[in-house]
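The values are calculated or read from the model by the stated rules, or taken from the named source; none is laboratory data. Here the structure is a predicted model, which means the values were calculated and not measured. Every residue, glycine as well, gets a Cβ built from its backbone with ideal geometry; the counts of neighbours run over all protein chains shown.
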């Protein structure tokens, strides 16, 4: 990417004078809405612009106009960008206030619709105000090249005309099998034999490897209709895929990506010529996410629409929110996190800015449902789904399939983008989403795959009939004693690449990860102790400050080794991941979960065995694991080594030659659970309410396409589902005299059988309900509450009964009873009660707490039996298990550390931490459930504050800091002790000072935390302005007279 300032003339850009001033009434309204947020604002300092000052602005603007010739030059050549120097009069400098919130309001005024020109795609507005926000980054030369609004309008019209022509000329896009695009042999300095250290014992420095740069090729070989060429403005032809070149430069500066890969350029050029849905599939590390981000930026900036980005895990959502914060600040849009307890339904309706909603699958479902219900789905322009192959996962796959089905059924204007590295039935998924497909085998770095058995190693060559070729042998000169400890010679494989390069070792279980990490401390070279000693001590200290230090990590980190699995807390995992990226750690022993989306590249990946748990590897998981090897920027070579036994060689060959796993619908699994939820949601949202409409809805599912393959009859199971829901009282026929909730109902569907009525015998007390294709259904109160939760039907029934019981005997002396009511029913599957611990905790309860236990049937006598492993007959097993989980939550509620609670109850601390998120989310669901049932109004009020407090379980003063993405209690304490007690203090802080005051924080993380704090403040200020306009909607504030 050429520097934007090379050989160009500096231009003088004046400040616009069309910004409206804030009236004292407006400021007072905002202050009344939230004094806490606006605590840094001086009401009389900089928020009101005098007439004299405004006049000086106008005079300044009149003397600093950009020449018409300069604008025309910019318009005809988008690549010829210019330096911009800002000249501000003394009056302007006097007027600008230095406080953080005054800067925010200055930004809002500079971005009102009159200044932004909302129709312009090629003008990223008012970047100068972000310079006051982001002082630590002075490298940005922000180009506000289109100051002429009339010119921008004309450019936008040309873009719209071009888009229409492209849609007409390219109604379909179907590109597959572009072949193997990996690097060629001549891209390496050394030949294949010398480039791999696989048979060497000498380590090799990273500096010996040639780092590849992503190459952007703005080729002109994409076919464009002649009429489109004639109408297309030259600026748009060479622009950054319809975006301003400013976006191009920001991606370079923020992400460090100077040039795009050829496939990215090719796909983006094709994608912007059609509005059709798109699925693209490439191997891991190919750069898929960047393409999706550019398409989302285009939708937000050009089309002024919101975007939804769906990621599979909470950790990935938080990581993406943090990494995108800087771009959001620079480009002037908001990022709203929808994961765990964060996110509101429906979202705030934005009047000035657009939002990028970054969500988990479950949160995205709730978000879309709320937008459909409030008739606001048209606010969304694009939805991107990462890891699209999760459609085939049991449970979550049905949720994702239902979400996508509703979107396509309800709206045809929202564009769906799906991406995956491991999807086998691409054509079926494309048929389901009515999408174009794009696939390649491109990898930025070549991977050499090996299979190792005992001391023998083979290169995998899928083009060779033998499959395993070039056998070599190396015993790494192990002594007899060491060979007994490490028969697979893992230590030798590691020492070939460390410490200059890194190594990931995938193990089949969490326990194996820990055991292998300890084993490596005994067999690896002791010279590793002397490598980056200070950095390792900083890491150990950082881990200690979180909530405690694992005894295993305390031993292994000194050699640069760590383990990584779900048993660690999110803070521990984050610190270990950052240390690995910084090369403080050179070896991580991990489970397969590390391969699922976390960007943690390594020079060499070792698969300890071909199993995950007790299941043999499939090709999808294998590809995900080895995809961590040889990531871009890590040199020109990556290696993967699969270790197996002789008896497993044939299975390994079958694995390597197998097809990628297909994503199969799971709507019908567990008694049509997914189909139940889809039908109930459709009725609740009024998407489909008659039998014919429901059948039409279900034919839009992936299950409809795969029903013959799976062996189900979709029409039959749809009718069976409707019948079951009708008989159990969740739905009812929409009529005044309908009999609902009566199991003694016979449902007759005339279309199913012509002899149905003849074969029915009339029984006393049994009502016959006949419904046709046009029979209309509606939800009963319980069904409505379950959908609002959202809570599955089985849980909804149980919860309803528990709340009815609690109404009669609610104990409020302590929080224990309320905590029991919001303890998730499915959490008992992760935590198994230990009898002796259960007994000890029960005996330690206070009298008021024992009243709750006795109410549930858990008396002192029952505790004795539980200690001996016996569940009393008069107590339900689920109650015993659920109360045990409640006792754990109660300790966390009382601010006991995760580490101490995990040790006391002998549960992995990662599970204890995730339990907090699960409980807080379920508490939110219970609140929404109770809101739909007037009889539970009291619970709504009492439980409403539980969700947020449960998600943090920390002292009140830390709650504000923990709103930042990826900031947990340990880091929140560090920030607080260092003097950063509010979001405002972090937003105004100098990055160097934060890094100095808080140990083991990289420059990247510090920058992201500061940017996230700024973005949260911007979002809240925007919320206040939107709320003010809602309150004053249709009211002329100047005409309001305030009486005495």
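Quick check on residue 913: is it in a helix (DSSP H, G or I), touching a residue at least 24 places away in the same chain (Cβ under 8 Å) and not assigned by TED's automatic domain parsing to the domain that holds residue 901?
Judged against the criteria, residue 913 is not a match.
Residues of the range 523-554 being touching a helix residue (DSSP H, G or I) at 6+ places or on another chain (Cβ under 7 Å) and either over 16 Å from residue 575 (Cβ atoms) or not assigned by TED's automatic domain parsing to the domain that holds residue 576 (or both), which ones?
If the condition is that a residue be touching a helix residue (DSSP H, G or I) at 6+ places or on another chain (Cβ under 7 Å) and either over 16 Å from residue 575 (Cβ atoms) or not assigned by TED's automatic domain parsing to the domain that holds residue 576 (or both), then 523, 524, 525, 528, 529 are the ones that fit.
Would you pick out the residues in the range 532-550 that are without any contact (Cβ under 8 Å) to a residue 40 or more places away in the chain and farther than 15 Å from residue 511 by Cβ? Reasoning before the result, please.
Our first condition is that a residue be without any contact (Cβ under 8 Å) to a residue 40 or more places away in the chain; within the range 532-550, this holds for 533-534, 537, 540, 543-544, 549-550.
Of everything in the range 532-550, those that are without any contact (Cβ under 8 Å) to a residue 40 or more places away in the chain and farther than 15 Å from residue 511 by Cβ turn out to be 533, 534, 537, 540, 543, 544, 549.
Just for the range 583-600: of the residues that are touching a helix residue (DSSP H, G or I) at 6+ places or on another chain (Cβ under 7 Å) and farther than 25 Å from residue 386 by Cα, which one is surrounded by the fewest Cβ atoms within 10 Å (Cβ to Cβ)?
Taking the candidates together, the pick is 584.
On the basis of being modelled with pLDDT under 90, under 30 Å from residue 596 (Cβ atoms) and part of a loop (DSSP other than H, G, I, E, B), does residue 464 make the cut?
In short, no.
Checking the conditions here, which among 316, 311, 327 is touching a helix residue (DSSP H, G or I) at 6+ places or on another chain (Cβ under 6 Å), surrounded by fewer than 24 Cβ atoms within 10 Å (Cβ to Cβ), in contact (Cβ under 8 Å) with a residue 60 or more places away in the chain and on the phi < 0 side of the Ramachandran plot?
One residue alone meets the criteria, 327.
Only one of these conditions is not met by residue 422: (1) outside the structural domain of residue 274 (by TED's automatic domain parsing); (2) crowded, with 19+ Cβ neighbours inside 10 Å; (3) in a loop (DSSP other than H, G, I, E, B). Which number is it?
(1)
Just one of the numbered conditions (1) surrounded by 23 or more Cβ atoms within 10 Å (Cβ to Cβ); (2) over 18 Å from residue 382 (Cα atoms) is not true of residue 284; which one?
(1)
Sort through 957, 963 and tell me the only one that's more than 16 Å from residue 1006 (Cα to Cα) and surrounded by fewer than 21 Cβ atoms within 10 Å (Cβ to Cβ).
957
Would you be able to say whether some residue in the range 938-961 is closer than 20 Å to residue 326 by Cα and assigned to a helix (DSSP H, G or I)?
Checked against the condition, which is being closer than 20 Å to residue 326 by Cα and assigned to a helix (DSSP H, G or I), the range 938-961 yields at least one hit.
Where residues in the range 761-789 are closer than 21 Å to residue 693 by Cβ and in a loop (DSSP other than H, G, I, E, B), which of them is modelled with the highest pLDDT?
780
What's the number of the condition residue 883 fails, among (1) under 23 Å from residue 909 (Cα atoms); (2) at pLDDT 90 or above; (3) surrounded by fewer than 20 Cβ atoms within 10 Å (Cβ to Cβ)?
Result: residue 883 fails condition (3) only.
Select from the range 437-466 the residues that are in contact with a helix residue (DSSP H, G or I) (Cβ under 7 Å, 6 or more places away or on another chain) and farther than 25 Å from residue 651 by Cβ and list them in ascending order.
437, 438, 439, 440, 442
Does the range 347-356 contain at least one residue that is in contact (Cβ under 8 Å) with a residue 24 or more places away in the chain and either in a helix (DSSP H, G or I) or closer than 17 Å to residue 289 by Cβ (or both)?
Yes - at least one qualifying residue is present in the range 347-356.
Which members of the range 501-535 meet the condition of being surrounded by fewer than 21 Cβ atoms within 10 Å (Cβ to Cβ), assigned to a loop (DSSP other than H, G, I, E, B) and within 32 Å of the chain's Cα centre (by Cα)?
508, 509
In the range 340-352, how many are touching a helix residue (DSSP H, G or I) at 6+ places or on another chain (Cβ under 6 Å) and over 16 Å from residue 313 (Cβ atoms)?
4
Could you count how many residues in the range 621-650 are closer than 23 Å to residue 281 by Cα, modelled with pLDDT of 90 or more and part of a loop (DSSP other than H, G, I, E, B)?
0
If I filter the range 447-461 for residues that are surrounded by fewer than 20 Cβ atoms within 10 Å (Cβ to Cβ), assigned by TED's automatic domain parsing to the domain that holds residue 309 and either at positive phi or without any contact (Cβ under 8 Å) to a residue 24 or more places away in the chain (or both), do I get at least one hit?
no
Can you confirm whether residue 980 is without any contact (Cβ under 8 Å) to a residue 40 or more places away in the chain, part of a loop (DSSP other than H, G, I, E, B), surrounded by 21 or more Cβ atoms within 10 Å (Cβ to Cβ) and out of contact with any strand residue (DSSP E or B) (no Cβ under 6 Å at 6 or more places or on another chain)?
Answer is yes for this residue.
List, please: which pairs have Cβ atoms under 6 Å, are six or more places apart or on different chains, and start with a residue in the range 839-854 that is assigned by TED's automatic domain parsing to the domain that holds residue 869 and end with one that is exposed (fewer than 13 other Cβ atoms within 10 Å of the Cβ)?
848/813
Could you look through the range 236-272, keep only residues that are more than 30 Å from residue 1011 (Cα to Cα) and at pLDDT below 90, and pick out the one that is surrounded by the most Cβ atoms within 10 Å (Cβ to Cβ)?
236
May I ask you to list the residues in the range 846-862 that are buried (at least 20 other Cβ atoms within 10 Å of the Cβ) and more than 16 Å from residue 818 (Cα to Cα)?
Within the range 846-862, 858, 862 qualify.
Can you name every residue in the range 669-683 that is surrounded by fewer than 21 Cβ atoms within 10 Å (Cβ to Cβ) and either touching a strand residue (DSSP E or B) at 6+ places or on another chain (Cβ under 8 Å) or not in a helix (DSSP H, G or I) (or both)?
Within the range 669-683, none qualify.
Yes or no, residue by residue, for (1) in a helix (DSSP H, G or I); (2) more than 25 Å from residue 626 (Cα to Cα); (3) without any contact (Cβ under 8 Å) to a residue 60 or more places away in the chain; (4) under 21 Å from the mean Cα position of the chain (by Cα):
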| site | (1), (2), (3), (4) |
| --- | --- |
| 254 | yes, yes, no, yes |
| 258 | no, yes, no, no |
| 264 | yes, no, yes, no |
| 284 | no, no, no, yes |
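Pick from 925, 947: which is out of contact with any helix residue (DSSP H, G or I) (no Cβ under 8 Å at 6 or more places or on another chain), buried (at least 17 other Cβ atoms within 10 Å of the Cβ) and not assigned by TED's automatic domain parsing to the domain that holds residue 1016?
Answer to the check: 925.
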